[in-house]
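Asker: Please find one structure pasted underneath; my questions will follow.
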Amino acid sequence: MARYHADIEAAIARVIASNRYILGNEVDAFEEEFARFLGVPRVIGVNSGTDALSIALIALGLGPGDEVIVPALTAIATAVAVQRIGAIVRIVDIEPITRGLDPEALAQAISPRTAAVIVVHLHGMPARIADISHIAAARGLSLVEDCAHAHGMMMDGGMAGSFGDAAAFSFYPTKNLGAIGDGGAVVVRAPDAAERARRARFHGQDRAGLCVQAGMNSRLDEIQAAVLRSLLPHLTADNASRREAAARYEAALMPLAAAGRLRLPQRAAGAVWHQYAVEITGRDRVRQAMRECGVETEIHYAPALHRHPALIGEGPLPACPVAERLADTLLSLPIQPELMPQQPRIVAALSKAASSVEPVS
Ligand SMILES: *Cc1c(COP(=O)(O)O)cnc(C)c1O
């Protein structure tokens, strides 16, 4: 974010001069600008992506005892947001190409208590939204898109976040659109649900100040909103840089992939590459070898959700073989625009480290 420091400082100075810090003009303006950018009727600014998911569920009428299906490979926040409103997390396997929820596994997992499904566009690649929307509609489930990796991603003729009954965005500093602290946004389609989301972010109060529903303190502050307004105009170009970097990785790593040393992510047209993660065996050794060459990599995510003790209830562990395999093998290479001058060095370090690994199965 260093390249935008001047814009960020100007935004902060504007807020200090206004002497208003919570839910003011900057938040209103950001909500409007981000809604226009996404092509959705409205956006509601909240305190984090996790809160955005919880508030989306509350807005859609979910509460204690309702079951919500989540994919087995995602940030734990996706499941924690469900638990926090007293709903029950149901973990379902992903499919290997999109790394998103597997529509067939979803259809099989739906029970009479299932009320909603959360789709995650993992790593900024489009999940199989058309198939999943179809199943959700046919089975009467609400559909929520977790767009924490997918700001500005065009897919199937619309932007990520415009397909579900609701969507949640995170502006954690490392996301494709990041604030300088915590922040998030909820997209809700139906006007009455939007009203519930607005109340939910402010203690469940209605416009007259009466507490009329479940709520929390999850307001977006003016400084984060002002900073986000200054960064939003750069998002499209930054996403384009990520796509170019992904294309360069693909070209450079193709020989290793052809030799079976690693598997590249799918070539997804609209992807915004929040992460560029390859599948590789002996990942920990590869990471260590790359670190010795001065290249830091990351893991998103391990273990899979159902391996976190507090995220599953009693009963047998759900079978999620694809998520297990990817949790063991995915290695995220640097893809942030400001790191891309180092890309040749990253490719060289990976090529060297991968020459001695077992082929990926
Ligand atoms: C970052 C993230 C969240 C949570 O966002 P916070 O702003 O950190 O609360 C939710 N889901 C996914 C997939 C994420 O990566």
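Just so it is clear, none of the values below were taken in a lab; they were calculated from the coordinates. Everything quoted here is computed from the prediction, not taken from an experiment. Glycine also receives a Cβ, built like all others from the backbone with ideal geometry; neighbour counts cover every protein chain displayed.
Asker: Could you tell me the center-to-center distance, by alpha carbons, between region 308-361 and region 155-201 in angstrom?
Answerer: Rounded to whole Å, the Cα centres lie 27 Å apart.
Asker: Okay, moving on. In deg cm²/dmol, rounded to 500, what helix-only [θ] at 222 nm does the chain give when every DSSP H run of at least 4 residues adds -39500 (n - 2.57) and the total is split over its residues?
Answerer: For the chain, the value works out to -12500 deg cm²/dmol.
Asker: What helices does the chain have that are whole DSSP H segments, at least 30 Å long along their own axis by Cα, and with mean Kyte-Doolittle hydropathy of -0.5 or more?
Answerer: 222-258
Asker: Give, in nm to one decimal, the length gained when the segment between Ser332 and Arg20 is fully stretched (0.36 nm per residue of separation minus the Cα-Cα distance).
Answerer: Length difference between fully extended and current span is 108.3 nm.
Asker: Right, next: Taking a spot 7 Å from the Cα of Arg3 along the direction of its beta carbon, which residues of region 325-361 have an amide N less than 20 Å from it?
Answerer: Only 333-347 fall inside the zone, counting backbone N under 20 Å.
Asker: Something else about it: On a full-extension model of 0.36 nm per residue, what is the gain between Cys293 and His134, subtracting their alpha-carbon distance, rounded to one decimal in nm?
Answerer: Here the answer is 52.5 nm.
Asker: Let me ask something else. Give the Rg/Rh ratio for region 72-211, taking Rg as the radius of gyration of the Cα atoms and Rh as the Kirkwood radius, to two decimals.
Answerer: 0.96
Asker: A follow-up question, please. When you count, for each residue, the other Cβ atoms within 10 Å and take the mean per peptide, how do 196-203, 121-128, 317-324 rank with the highest first?
Answerer: 121-128, 196-203, 317-324
Asker: Also, quick follow-up: If you place +1 on the Cβ of every Lys and Arg and -1 on the Cβ of every Asp and Glu, how big does the dipole about the Cα centre of region 261-361 come out, in debye to the nearest 20?
Answerer: 320
Asker: Ala258 to Ser355: extension gain in nm, 0.36 nm per residue of separation minus the Cα-Cα distance?
Answerer: Full-extension gain reported as 33.7 nm.
Asker: With charges set only on the Cβ (+1 for Lys and Arg, -1 for Asp and Glu), what does the dipole of the chain come to about its Cα centre, in debye to the nearest 20?
Answerer: Here the chain has a charge dipole of around 340 debye.
Asker: To continue, here is another question. Tell me the Rg and the Dmax, in Å, that the Cα atoms of region 249-361 produce.
Answerer: For region 249-361, the Cα-based Rg and Dmax read 15.3, 49 Å.
Asker: Counting Lys and Arg as +1 and Asp and Glu as -1, what is the net charge of the other residues whose Cβ lies under 15 Å from the Cβ of His203?
Answerer: So the environment of His203 carries a net charge of +3.
Asker: Tell me which of Ala252, Ser170, Leu106 sits at the most positive position along the dipole axis of the chain, charges placed on C-beta atoms (Lys, Arg +1; Asp, Glu -1).
Answerer: It is Ala252.
Asker: Positive end of the charge dipole of the chain (Lys, Arg +1 and Asp, Glu -1 on Cβ, about the Cα centre): tell me which of His151, Gln342, Leu73 has its Cα farthest that way.
Answerer: Positive-most Cα among the choices belongs to Gln342.
Asker: Which Cα, out of Ile16, Pro303, Leu62, lies furthest along the positive dipole direction of the chain (beta carbon charges, K/R +1, D/E -1)?
Answerer: So the residue furthest toward the plus end is Pro303.
Asker: Quick check: net charge around Arg263, other residues with Cβ under 11 Å of its Cβ, Lys/Arg +1 and Asp/Glu -1?
Answerer: +1
Asker: Something else now. Could you check which residue among Ala75, Ala259, Ala11 shows the biggest mean-square fluctuation in a GNM of the chain with a 10 Å Cα cutoff?
Answerer: Ala259
Asker: Quick check on the chain: of the DSSP beta bridges with both residues there, what percent are antiparallel, nearest 5%?
Answerer: Given both bridge residues lie in the chain, the antiparallel proportion sits at roughly 55 percent.
Asker: Okay, moving on. Decide, for region 1-101, between rounded, prolate and oblate: order the square roots of the alpha carbon gyration tensor eigenvalues as a ≥ b ≥ c, take rounded if a/c falls under 1.5, and otherwise choose prolate if a/b is larger than b/c, else oblate.
Answerer: Prolate, because a/c is 1.5 or more and a/b exceeds b/c.
Asker: Given the options Asn25, Asn47, Asn239, which has the most mean-square fluctuation in a GNM of the chain, springs set between C-alpha atoms less than 10 angstrom apart?
Answerer: Asn25
Asker: Report the Cα centroid-to-centroid distance between region 80-142 and region 226-264 in angstrom, as an integer.
Answerer: If you average the Cα positions of each part, the centres end up 26 Å apart.
Asker: Can I ask one more? Among residues other than Glu104 whose Cβ falls under 13 Å from its Cβ, what is the net charge (Lys/Arg +1, Asp/Glu -1)?
Answerer: Combined, the nearby Lys, Arg, Asp and Glu give -3.
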